[in-house]
Protein chains: 2
Amino acid sequence: MTTTTPPVAVIMAGGSGTRFWPVSRTKLPKQLVSLLGGPTMIQATVARLQPLIPAERVLVITTAAQAEETRRQLPMLKPAHVIAEPVGRDTAACVALAALIIAKDFPGAPMILLPADQVIDPADRFQAALAAGVDQARQGRLVTFGITPRFAATGYGYVEVAEELGRDGAIGINRVARFVEKPNAEGATEYLASGRFRWNAGIFAWRTDVVLRELAAHTPWLIEALTPVGTAWGTPGFAEALAAAYGPLKKISIDYALLEKAKDIAVVTADFIWDDLGSWDALYDHLPADADGNHVSGEAIAVGSHNNLMVNRSGQTLALVGVENLSVITTPDAVLVVARHGSQQVKMVVERLAVTLPERI
Amino acid sequence: MTTTTPPVAVIMAGGSGTRFWPVSRTKLPKQLVSLLGGPTMIQATVARLQPLIPAERVLVITTAAQAEETRRQLPMLKPAHVIAEPVGRDTAACVALAALIIAKDFPGAPMILLPADQVIDPADRFQAALAAGVDQARQGRLVTFGITPRFAATGYGYVEVAEELGRDGAIGINRVARFVEKPNAEGATEYLASGRFRWNAGIFAWRTDVVLRELAAHTPWLIEALTPVGTAWGTPGFAEALAAAYGPLKKISIDYALLEKAKDIAVVTADFIWDDLGSWDALYDHLPADADGNHVSGEAIAVGSHNNLMVNRSGQTLALVGVENLSVITTPDAVLVVARHGSQQVKMVVERLAVTLPERI
């Protein structure tokens, strides 16, 4: 095994949330839509890897329902490299599948795993952090990427750092002391104050032989089930082998299967802007503001209105008069008006529509 | 002249406001749209006169731009009785024109003048008040209709009552002490407290010979200019005569030309619900409320939202989440979100669109 084979990226794109209803839909989840205007989130994710990871070294793991649209949005990828899971079996299965495929198609290449639906900027600092993480991965470590907390977030998992393994300018590399689940407000405040905690960005790097060895040690049933799928990769029997193996699999996350148990894990702390955009509230910070603090995507008119999020995707004239701290979203078939800091409740609209008007979700 | 000829109603329908943008438009003003759902306001106005004033005794004075749509909405009216003013010359000209036409087509009939765009309910109490006013008109008085103030409104003109001329149940008839313009807040509070003031509903009744005589005394130039138009009524030369006479006319309101100067004016105070619907805020009170105090016209979803006005005319799913005291209006080409009690500012949106996107106003 060479240690200089360039890395391969695996984009995990199985999400199906409706937190960005009405722009995101059951059949068109967050990663396949443009929330900020311009490219969709998955297109931006592929673009952001260039030139570190050229498109021919990018794989996408997605769902059967989204595979066609994903291939349409990413014509620069090999169609076979957009791989549809027949059913969702959480991230450990996804990682094992990807590792088996990469070991066959790109022998010796370290793999980078990343979600399809994050806001990350700028691309060069992101790539520098990835490169630093790949260096660690080549040495046989499991590598995770951590974000320095900007506030006491209760919506993210955290990584506690231990001793420093290296540093390259703004990029710090530490051994991981432990992974922790989403904290309560008190815990989040402590984590923020301590300076020893990072947000877990859900981005990882490792060698395929290392991750397969570790998974075989901690979840042998998973590797046993998926090894025949790896063997079938590149043959006409792949889809059938995948469906046969995936169906009976127990769901388990890579965090639980591996990261919380493995010993030699490094965390790369970098200085890029990162947001996993959990709701309309989070989008607010990523759109430019006008003089009145209104953050706008699309055409909009604001009169005596301040600090609103306005996302107009319907072609209608959208006008706000004398209102503050609202998110107003239009699409051709829906209009949402939601209080800022209350957009977690949007799911209740989706739940009602699921009963009364399922074609609108 | 007989005093038992049944009355004729003249509906003044020249308004072109945009206070109900985006539902009302320059080419489709308030009276030609349905704000409450169901019939348009002018259709409701004609219906509300039945059976007191059958459709064959209803005239509409409107603008050239709106005449065709008005005739389309009121197929039960004689097309010739929807009369288009070539230009707007305020209400005194409109009254004189209608009086001249009625004197010719319905000799001896008293006339009732009323706007096309008011909410009035119930019809039977309204008709009882009109009948009481017509009785006064037959005796040679100018008659106006007053509404007992429900609050210290600064948006209406007022009528001060003098001695009682008669009473019929809830309907009181008084001599008018004076007409007063829209007061400031202090004045409105005094008027409300005194019990002697009524909102001026802009509804009138009089004999055509009386009003033409009074106008001839106070504004002889107006009657001089319009008499040839009355002569041409019913001939092919009418439209040309009307255009020739109207063009040079000075604009003057019936209030200023006549009511503030005439002596023998009666005011009928009745107990019907009345609102001239000046803005979206006013509409709120006329739509049914759900358990959370949301007043809704059209399909809408409200989650954790209270005391909003929701008017959905676009066919989109309209959803409000965690918001209060908003008016949200949708049409196929526009979405308006405006703070309740702030809808007077909607005109600023219209002013901006007039420059940037005039087809949307």
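Among the residues of region A:216-271, the ones that are of a type in the set (Asp, Glu) and assigned to a loop (DSSP other than H, G, I, E, B) come to 3 in all. Among the candidates B:Ala225, B:Ala201, B:Ala232, the residue that is small (Gly, Ala, Ser) and under 24 Å from the mean Cα position of the chain (by Cα) is uniquely B:Ala201.
Looking only at region B:257-286, residues that are over 19 Å from B:Thr154 (Cβ atoms) and not acidic (Asp, Glu) come to 15 in all.
Applying the criterion of being surrounded by 15 or more Cβ atoms within 10 Å (Cβ to Cβ) and polar (S, T, N, Q) to the residues of region A:344-361, the residue that is farthest from the other protein chains (Cβ to nearest Cβ) is A:Gln344.
Modelled with pLDDT of 95 or more, buried (at least 16 other Cβ atoms within 10 Å of the Cβ) and within 8 Å of chain B (Cβ to nearest Cβ): is that true of A:Leu309 in this structure? It is false that A:Leu309 is modelled with pLDDT of 95 or more, buried (at least 16 other Cβ atoms within 10 Å of the Cβ) and within 8 Å of chain B (Cβ to nearest Cβ). Assess whether A:Asp135 counts as being among the charged types (D, E, K, R) and outside any helix (DSSP H, G or I). So A:Asp135 does not fit the description; no.
Restricting attention to region A:158-170, the residues that are assigned to a strand (DSSP E or B) and over 21 Å from the mean Cα position of the chain (by Cα) add up to 8.
Which residue out of B:Val350, B:Val311, B:Val303, B:Val268 is more than 26 Å from B:Gly37 (Cα to Cα) and not basic (Lys, Arg)? Testing whether each residue is more than 26 Å from B:Gly37 (Cα to Cα) and not basic (Lys, Arg) leaves just B:Val268. Taking the criterion of being of a type in the set (Ser, Thr, Tyr) and either buried (at least 16 other Cβ atoms within 10 Å of the Cβ) or not assigned by TED's automatic domain parsing to the domain that holds A:Val210 (or both), the residues of region A:242-256 that qualify are A:Tyr246, A:Tyr256. Mind checking which residues of region B:162-217 are small (Gly, Ala, Ser) and either buried (at least 18 other Cβ atoms within 10 Å of the Cβ) or closer than 14 Å to B:Ile254 by Cα (or both)? Result: B:Gly172, B:Ala188, B:Ala201, B:Gly202, B:Ala205, B:Ala216, B:Ala217.
Table: residues versus (1) outside the structural domain of A:Ala131 (by TED's automatic domain parsing); (2) within 26 Å of A:Met310 (Cα to Cα); (3) touching a residue at least 12 places away in the same chain (Cβ under 8 Å); (4) not in a helix (DSSP H, G or I).
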{"position": "A:Leu35", "(1), (2), (3), (4)": "no, yes, yes, yes"}
{"position": "A:Thr45", "(1), (2), (3), (4)": "no, yes, yes, no"}
{"position": "A:Leu52", "(1), (2), (3), (4)": "no, no, yes, yes"}
{"position": "A:Thr62", "(1), (2), (3), (4)": "no, no, yes, yes"}
{"position": "A:Ala67", "(1), (2), (3), (4)": "no, no, yes, no"}
{"position": "A:Pro75", "(1), (2), (3), (4)": "no, no, no, yes"}
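Within region B:318-330, at least one residue is outside any loop (DSSP other than H, G, I, E, B), in contact with a Gly (Cβ under 7 Å, 6 or more places away or on another chain), over 14 Å from A:Leu318 (Cβ atoms) and at pLDDT 95 or above.
Selection of region A:272-307 for residues being part of a loop (DSSP other than H, G, I, E, B), within 28 Å of the chain's Cα centre (by Cα) and over 17 Å from A:Phe20 (Cβ atoms) yields A:Phe272, A:Pro288, A:Asn294, A:Asn307. The condition of being touching a residue at least 60 places away in the same chain (Cβ under 8 Å) and not polar (S, T, N, Q) holds for B:Met41.
The residue pairs whose first member lies in region B:262-284 and is at positive phi, whose second member is of a type in the set (A, V, I, L, M) and assigned to a strand (DSSP E or B), and whose beta carbons are closer than 7 Å, counting only pairs six or more residues apart or on different chains, are B:Leu277/B:Val119.
Residue by residue, here is whether (1) surrounded by 21 or more Cβ atoms within 10 Å (Cβ to Cβ); (2) more than 9 Å from chain B (Cβ to nearest Cβ); (3) hydrophobic (A, V, I, L, M, F, W, C) holds:
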residue: A:Asp292; (1), (2), (3): no, yes, no
residue: A:Ala302; (1), (2), (3): yes, yes, yes
residue: A:Ala319; (1), (2), (3): yes, no, yes
residue: A:Asn325; (1), (2), (3): no, yes, no
residue: A:Thr330; (1), (2), (3): yes, no, no
residue: A:Gly342; (1), (2), (3): no, no, no
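When the residues of region B:141-161 are filtered to those that are among the aromatic types (Phe, Trp, Tyr) and at pLDDT 95 or above, the one that is surrounded by the most Cβ atoms within 10 Å (Cβ to Cβ) is B:Phe145.
Among the residues of region A:26-38, not a single one is buried (at least 20 other Cβ atoms within 10 Å of the Cβ) and either touching a Pro at 6+ places or on another chain (Cβ under 7 Å) or farther than 30 Å from A:Val338 by Cβ (or both).
Check whether at least one residue in region A:103-123 is basic (Lys, Arg) and either over 25 Å from A:Arg213 (Cβ atoms) or assigned to a strand (DSSP E or B) (or both), and report yes or no. Explain how you work it out, then say what you get.
Taking region A:103-123 first, the residues basic (Lys, Arg) are A:104.
If we keep only those that are either over 25 Å from A:Arg213 (Cβ atoms) or assigned to a strand (DSSP E or B) (or both) as well, we get none.
So far as region A:103-123 goes, no, none of its residues is basic (Lys, Arg) and either over 25 Å from A:Arg213 (Cβ atoms) or assigned to a strand (DSSP E or B) (or both).
Any residue at all in region B:51-60 that's of a type in the set (Val, Ile, Thr) and either over 19 Å from B:Gln127 (Cα atoms) or at pLDDT below 95 (or both)? Don't jump to the end; show me each part of the working.
At the first step, the residues of region B:51-60 found to be of a type in the set (Val, Ile, Thr) are B:53, B:58, B:60.
Subsequent filtering for residues that are either over 19 Å from B:Gln127 (Cα atoms) or at pLDDT below 95 (or both) retains none.
Within region B:51-60, none of the residues are of a type in the set (Val, Ile, Thr) and either over 19 Å from B:Gln127 (Cα atoms) or at pLDDT below 95 (or both).
If the requirement is being modelled with pLDDT of 95 or more, among the acidic types (Asp, Glu) and either under 29 Å from A:Thr63 (Cα atoms) or outside the structural domain of A:Asp271 (by TED's automatic domain parsing) (or both), which of these qualifies: A:Asp105, A:Asp124? Give the derivation first.
Numbers: A:Asp124 fails: either under 29 Å from A:Thr63 (Cα atoms) or outside the structural domain of A:Asp271 (by TED's automatic domain parsing) (or both).
Selected residue: A:Asp105, the only one of A:Asp105, A:Asp124 that is modelled with pLDDT of 95 or more, among the acidic types (Asp, Glu) and either under 29 Å from A:Thr63 (Cα atoms) or outside the structural domain of A:Asp271 (by TED's automatic domain parsing) (or both).
The values are calculated or read from the model by the stated rules, or taken from the named source; none is laboratory data. Everything numeric here is computed off the predicted structure, so don't read it as measured data. Glycine gets a Cβ as well: all are built from the backbone with ideal geometry, and neighbour counts include every protein chain shown.
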